[in-house]
Every structure is written in C-alpha cells, then in structure tokens.
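What follows is a short report on a single structure.
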Amino acid sequence: MKAVASSYSPSLVDDICRWGYSFVLVLLIPFAFITLMRRGAFRNKNYNKRRFELFGIVAHPPKQNGYLFHCVSVGEVVAASCVIKRIMESEPDTQITITTTTPTGSARVRSIFGDKVHHFYLPFDLHMAMAGMVKRVKPKAVLITEVELWPNLIHACWKSAIPVIVVNARMTDRSARSYKKIGRLFTPMLHKVSHVCAQGERDFNNYLSLGIDRQKLTLTNNIKFDQVGATQSKKLPFMELEYGDRQVLVAGSTHDTEEEAIVNAVQSLRKKGKAVTLVIVPRHPERFDTVAKLLSKMGEDFVRTSEQESLATAPHTILLDEMGKLNQAYQIANFAFVGGSLADKGGHNALEPAAWSIPIMMGPNTYNNPVICEYLKDQGALSIVANWEDIHDKVVSWLENPESAIQTGSAGRRVLDDNLGAVELTLEKITQFV
C-alpha cells in the first residue's frame with residue numbers, strides 16, 4: 001500500500017500551483033452556487049439539505065477501509081455499477097461509498113443500490129474539504145469513474161498512501177488540450193494517480209501525451225459494453241405498449257434544439273402518411289417543463305409519463321419526464337435517436353439502443369464516445385444525421401425497407417457482444433493495488 005506514494009516528490013512550484021488553484025477555487029465558489037441555483041439544484045430539497053457536504057462535512061460510513069467511487073452523474077453511476085456489484089459479490093463485508101455531484105446522480109445511486117452503499121455529494125476541491133472527507137471515510141482505494149480529476153482529492157489520497165485508480169477513463173482531445181495549458185498543475189497530479197484504465201485508444205494516447213508513466217496506463221476497453229450487455233433481456237411493455245404495436249421512434253437524452261428537430265422530422269413523416277409515435281426523453285429533468293411547452297407550441301398531441309401510466313388514447317408523442325426509464329422506452333422502439341449529438345454535447349450512450357437491436361441515429365458530435373460510435377458506424381449500426389431532414393429521410397428508408405432496419409439493429413447488438421470484457425480487466429487492475 002505504501003508503494004502508492006512512490007518516489008515522486010512534489011516541487012515547491014508544484015505546491016504553489018496547487019495552493020494557487022485552491023485560492024482561485026475559493027473565489028469561484030460563489031459563482032458555483034449561482035450556477036447550481038440556476039440549474040435548479042437547490043430546489044431539490046434533498047440536495048439543499050445536504051449542501052454542507054460540499055465543504056467536506058460528510059457522514060462517517062458504517063465501516064472504514066472500503067472503496068470510495070466518485071461518479072459525476074447518472075451516466076457514470078450506471079457505468080460504475082457493474083464494477084461495484086462485482087466487488088460487492090466478492091467482498092460482501094466491505095464498505096462501498098459513492099459520491100456524485102448532481103441530484104440526478106444521487107437519485108440513481110439510490111435506485112440501483114438502495115441503502116447498501118454509503119453516499120454523499122463530493123466536496124468542493126479545497127484542500128481542507130477533501131482532506132477532511134478522506135480522513136472521515138478512510139477508504140482503502142478511491143476509484144474515479146471516467147472524468148473529474150481533482151488535484152486536492154488526489155493529493156489528499158496520495159499523502160495518506162491511498163491508491164487512486166481512474167476506471168473507464170475518458171480523455172477527449174479537447175480536454176487534453178486544456179490540461180496541457182495547465183501542465184504545471186496537471187502533470188504532478190498524474191504522478192500521484194496509481195493507475196488509469198482507459199476506455200479507448202484515443203483516451204489511452206491522450207493520457208500518454210499528458211505525461212503519465214506508461215506502466216500506469218492500461219487499455220481496458222469501455223465498461224459500458226459490459227454494463228449494457230448485462231441488462232439486455234426479453235422486451236417488456238412500456239406505457240402498456242408492446243414492441244410491434246406501432247412504429248416508435250425514441251429520442252433519448254435530448255438537449256435544447258434537438259427536440260424541435262425530432263418533432264419536425266416526425267411531423268413531416270405523418271404528413272406523408274407514415275404514422276410514427278415519438279417518445280422524447282430529455283437528458284436533464286429541469287428541462288421537462290420546457291420541452292412540454294415546446295410540444296404544445298408545435299401542436300403536438302402528447303402525454304407525460306409522470307401523469308399517465310398507460311395510453312387510453314393514441315397520442316402522437318410521449319414525453320418521458322421521469323428519470324431512469326429510458327431503457328424501458330427503448331424496449332418498444334423501432335428506431336432511436338441518441339441526443340447530445342446534434343447539440344454540441346459530445347453524444348450520449350448509443351449502446352443502450354444497440355442492446356435492443358435498434359437502428360440508431362446520432363448527430364455529428366460523438367466525441368464523448370468516439371470508439372463506440374466508430375465501431376457502430378463501421379458495422380452499419382449507426383447513421384450520422386445533420387438535421388431534421390436527414391432524420392426524416394433515414395426513418396423513411398427504414399420504414400420502406402424493414403429488412404434493412406432489422407439488419408442495422410442486429411449489427412449494433414453484435415458490436416456490443418464482440419467487445420465485452422472491460423469489467424474483468426478493470427477488476428484485475430484494482431486487485432493489484434488493494
């Protein structure tokens with residue numbers, strides 16, 4: 001365990017950079033609070049009640065010497081759940097602590113694990129807050145999922161000889177360029193990380209370019225292949241609709257401007273006599289009401305799932321305004337659009353519809369998961385669309401050639417099945433340090 005600290009010795013310049021970073025962060029805290037208020041975080045009663053956790057005032061776990069997983073929000077919680085569940089099976093008496101930064105991430109922790117794990121919001125990356133949190137939890141390892149490398153968190157663990165492992169690590173080209181601009185701060189932090197399990201070659205190479213030691217880096221592939229593959233089972237009804245009852249397009253994890261494009265495409269299809277039911281699933285719950293107003297403005301006949309459990313009538317559109325139900329909607333889908341891709345958000349998880357053998361559309365912005373999207377495109381499972389007209393044309397082609405749609409969907413499932421194994425590799429690396 002003591003080997004974690006290694007022979008790396010921070011220089012005076014490194015320490016000055018780290019403390020300078022902390023000073024700047026203190027100045028930015030009021031702005032962080034304003035941002036959280038704008039996003040509606042403090043309207044969440046649970047989040048508001050626990051806001052002192054942001055300063056390191058966190059509850060002691062029932063047991064110490066366990067694992068601490070940091071997951072930013074919903075996507076990271078779901079991805080890490082495969083690894084966490086395997087650890088819980090092999091070490092049933094070991095404490096698992098999970099931190100998130102969003103109320104939706106917190107809600108997903110509870111929906112997956114209930115009270116089986118200890119949970120709180122990750123503190124601001126201030127030296128005293130992070131050091132105090134680490135001292136209270138006393139984990140035997142800290143595992144950061146995908147992103148969010150915080151200098152003071154990693155330094156506090158390094159000082160206490162606690163290994164820090166980044167699992168399913170993502171490092172986009174854009175992030176790598178940004179980190180190189182603050183190399184004085186970022187490079188010393190990388191020396192204190194025990195290991196990085198990269199989810200793809202792009203991420204692997206970007207970590208290398210940032211100066212991490214080669215022996216601290218492993219290409220494990222993306223955990224999401226295993227996570228999605230493990231959940232696939234028989235298709236179940238959604239809103240009392242069965243798969244095949246009607247032609248259904250599910251637009252999952254959508255952002256601003258994407259809902260309007262999807263509705264335009266579907267309305268154009270209907271004008272041409274092609275009946276398609278649309279299920280829209282906004283990425284963020286604070287936009288549910290905004291999207292409802294947009295649907296009304298665009299003349300859509302729609303229902304909200306939070307207000308109606310089944311379809312007494314046959315509306316054109318379903319607004320899924322509840323968290324954690326996107327996978328249920330995919331089970332009745334004939335076609336899927338994955339959001340965050342027409343909007344410049346990097347694209348969300350295309351493997352979720354691929355697990356159900358659904359032909360997939362995404363916009364051009366797929367940099368969050370480039371390897372996954374490249375695999376899917378190469379195998380003919382993913383079509384890139386630039387606007388609502390492209391969405392319209394692609395759906396028309398699938399409606400008029402259903403055999404092509406079936407082949408496209410099957411290709412996505414094959415990509416998923418052919419790339420399993422990231423969880424096993426990740427667990428092997430964790431056991432080397434714990």
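Just to be sure before I move on: is T408 of a type in the set (S, T, N, Q), more than 19 Å from the chain's Cα centre (by Cα) and either within 30 Å of C157 (Cα to Cα) or assigned to a loop (DSSP other than H, G, I, E, B) (or both) in the structure I sent?
Spelling it out, it is not the case that T408 is of a type in the set (S, T, N, Q), more than 19 Å from the chain's Cα centre (by Cα) and either within 30 Å of C157 (Cα to Cα) or assigned to a loop (DSSP other than H, G, I, E, B) (or both).
Would segment 195-207 turn up any residue that is assigned to a helix (DSSP H, G or I), basic (K, R), in the same structural domain as I84 (by TED's automatic domain parsing) and without any contact (Cβ under 8 Å) to a residue 40 or more places away in the chain?
Of the residues in segment 195-207, the ones assigned to a helix (DSSP H, G or I) are 201-207.
From the residues that got through so far, the ones that are basic (K, R) too are 202.
Next, only the ones that are in the same structural domain as I84 (by TED's automatic domain parsing) stay: 202.
Remaining after also requiring without any contact (Cβ under 8 Å) to a residue 40 or more places away in the chain: none.
No, segment 195-207 has no match at all.
Filter segment 194-219 down to the residues that are crowded, with 24+ Cβ neighbours inside 10 Å and farther than 17 Å from T172 by Cβ and list them by number.
Correct list: S194 only.
Regarding segment 228-247, can at least one residue be identified that is within 23 Å of the chain's Cα centre (by Cα), without any contact (Cβ under 8 Å) to a residue 12 or more places away in the chain and surrounded by fewer than 16 Cβ atoms within 10 Å (Cβ to Cβ)?
yes
Please give the number of the condition L342 fails out of (1) of a type outside the set (V, I, T); (2) in a helix (DSSP H, G or I); (3) in contact (Cβ under 8 Å) with a residue 60 or more places away in the chain.
Unmet condition: (2).
Looking for something under 16 Å from P370 (Cα atoms) and of a type in the set (S, T, N, Q) - is there at least one such residue anywhere in segment 177-193?
Restricting attention to segment 177-193, the residues satisfying the condition of being under 16 Å from P370 (Cα atoms) are none.
Scanning segment 177-193, I find no residue that is under 16 Å from P370 (Cα atoms) and of a type in the set (S, T, N, Q), so the answer is no.
Check whether at least one residue in segment 73-94 is modelled with pLDDT under 90 and among the hydroxyl-bearing types (S, T, Y), and report yes or no.
Checked segment 73-94: at least one residue is modelled with pLDDT under 90 and among the hydroxyl-bearing types (S, T, Y).
Within segment 381-407, can you find the residues that are more than 15 Å from I358 (Cβ to Cβ) and among the aromatic types (F, W, Y)?
Across segment 381-407, the qualifying residue is only W388.
Restricting to segment 119-162, give me the number of residues that are polar (S, T, N, Q) and in a strand (DSSP E or B). Let's see the steps before the verdict.
Just the residues of segment 119-162 that are polar (S, T, N, Q), to begin with: 145, 152, 160.
Still in the running and in a strand (DSSP E or B): 145.
Selection size over segment 119-162: 1.
Go through S268, S306, S310 for me and flag whichever is free of Cβ contacts under 8 Å to residues at least 40 places away in the same chain, outside the structural domain of E76 (by TED's automatic domain parsing), at negative phi and not acidic (D, E). Walk me through how you get there before you give the answer.
On the way: S268 fails: free of Cβ contacts under 8 Å to residues at least 40 places away in the same chain; S310 fails: free of Cβ contacts under 8 Å to residues at least 40 places away in the same chain.
Checking each option against the conditions leaves just S306.
Among the residues of segment 81-96 satisfying the criterion of being among the hydrophobic types (A, V, I, L, M, F, W, C) and assigned to a helix (DSSP H, G or I), which is surrounded by the fewest Cβ atoms within 10 Å (Cβ to Cβ)? Talk me through it step by step, then tell me what you get.
As a first pass, look at segment 81-96 and keep what is among the hydrophobic types (A, V, I, L, M, F, W, C): 82-84, 87-88, 96.
The next check asks that each one be assigned to a helix (DSSP H, G or I); those that pass are 82-84, 87-88.
On the way: C82: 23, V83: 24, I84: 22, I87: 21, M88: 16.
Looking at the filtered set, the residue picked out is M88.
Of the residues K429, K394, K377, which single one is more than 21 Å from Y330 (Cβ to Cβ) and out of contact with any Lys or Arg (no Cβ under 6 Å at 6 or more places or on another chain)? First the steps, then the outcome.
On the way: K394 fails: more than 21 Å from Y330 (Cβ to Cβ); K377 fails: more than 21 Å from Y330 (Cβ to Cβ).
Every option except K429 fails the conditions.
What residue, of W356, W398, is touching a residue at least 12 places away in the same chain (Cβ under 8 Å) and either more than 23 Å from the chain's Cα centre (by Cα) or in a helix (DSSP H, G or I) (or both)? Walk me through it before giving the result.
Working: W356 fails: either more than 23 Å from the chain's Cα centre (by Cα) or in a helix (DSSP H, G or I) (or both).
Within the list W356, W398, the selection yields W398.
Among the residues that make up segment 293-311, is at least one of them within 25 Å of S106 (Cα to Cα), under 21 Å from the mean Cα position of the chain (by Cα), assigned to a loop (DSSP other than H, G, I, E, B) and not aliphatic (A, V, I, L, M)?
No, segment 293-311 contains no residue that is within 25 Å of S106 (Cα to Cα), under 21 Å from the mean Cα position of the chain (by Cα), assigned to a loop (DSSP other than H, G, I, E, B) and not aliphatic (A, V, I, L, M).
In segment 109-160, which residue that is small (G, A, S), surrounded by fewer than 23 Cβ atoms within 10 Å (Cβ to Cβ) and over 21 Å from the mean Cα position of the chain (by Cα) is nearest to D203 (Cα to Cα)? Break it down stepwise before answering.
Step one: list which residues in segment 109-160 are small (G, A, S), which gives 111, 114, 129, 131-132, 141, 156, 160.
Now narrow it down to the ones that are surrounded by fewer than 23 Cβ atoms within 10 Å (Cβ to Cβ): 111, 114, 131-132, 141, 160.
Subset that is over 21 Å from the mean Cα position of the chain (by Cα): 131-132, 141, 160.
On the way: A131: 29, G132: 31, A141: 22, S160: 28 Å.
Per the stated criteria, the residue is A141.
The values are calculated or read from the model by the stated rules, or taken from the named source; none is laboratory data. Everything quoted here is computed from the prediction, not taken from an experiment. With ideal geometry, Cβ positions are generated from the backbone for all residues, glycine too; neighbour counts draw on all protein chains shown.
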